[in-house]
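This report concerns only the one structure given below.
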Amino acid sequence: MKNKSMSSILMAVTPMVIACVVLVVLALGASTAAQGPGTGPCSDRTLFGNYGLTVEATLLGPNLPLRALVMQHYDGKGNLTQVDHVVVGGTPPAQEWTPGTGTYTVNPDCTGAEVINTPSVPAPLHIHFVVVNSGKQFFQVVDADASSATGIRVD
């Protein structure tokens, strides 16, 4: 008797389970198709708003420590503005906050690059970064020296 009722229950439930699995597979497929090929969780829009950065470096050659604070504003469209306060070898900058501008690109895999022009350094800074925590934070390095920075979105 138990086998007959268990068999009846399985026969009644099995089509519903199959229907649910099919719906889940279709929903996942539609979601992936909507994103399109080569897309990921990040884009230029991932970086938007103001970010506070701390920079630590050792200037190669003279072997001087560099510490900096930076406030960057990302517009979500590939442009940024900033002000920085850079201390080299314990000597503060001539101008308390130095403005700068630049451009950036965020790849679908949340890696990216930016170029910043600021009077604080003689040549444009070429920087690579990784965006984490849904755009709330990033880690970056400057290509030409031993400097790294962490940026955190200002709420």
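The values are calculated or read from the model by the stated rules, or taken from the named source; none is laboratory data. Remember, predicted model here, so these are calculated numbers, not experimental data. Here the Cβ is made from the backbone with ideal geometry for all residues, glycine too, and neighbour counts use every protein chain on show.
A few remarks follow.
- Residue match in segment 122-138 (condition: free of Cβ contacts under 8 Å to residues at least 60 places away in the same chain and over 23 Å from the mean Cα position of the chain (by Cα)): yes
- Of the residues screened, SER43 is one that is under 25 Å from ASP155 (Cβ atoms) and surrounded by 14 or more Cβ atoms within 10 Å (Cβ to Cβ).
- Test: residue in segment 74-84 that is at pLDDT 95 or above, within 19 Å of the chain's Cα centre (by Cα) and among the basic types (Lys, Arg): yes
- Residues of segment 69-98 satisfying the condition of being without any contact (Cβ under 8 Å) to a residue 24 or more places away in the chain, in a strand (DSSP E or B) and aliphatic (A, V, I, L, M): LEU69, VAL83, VAL87
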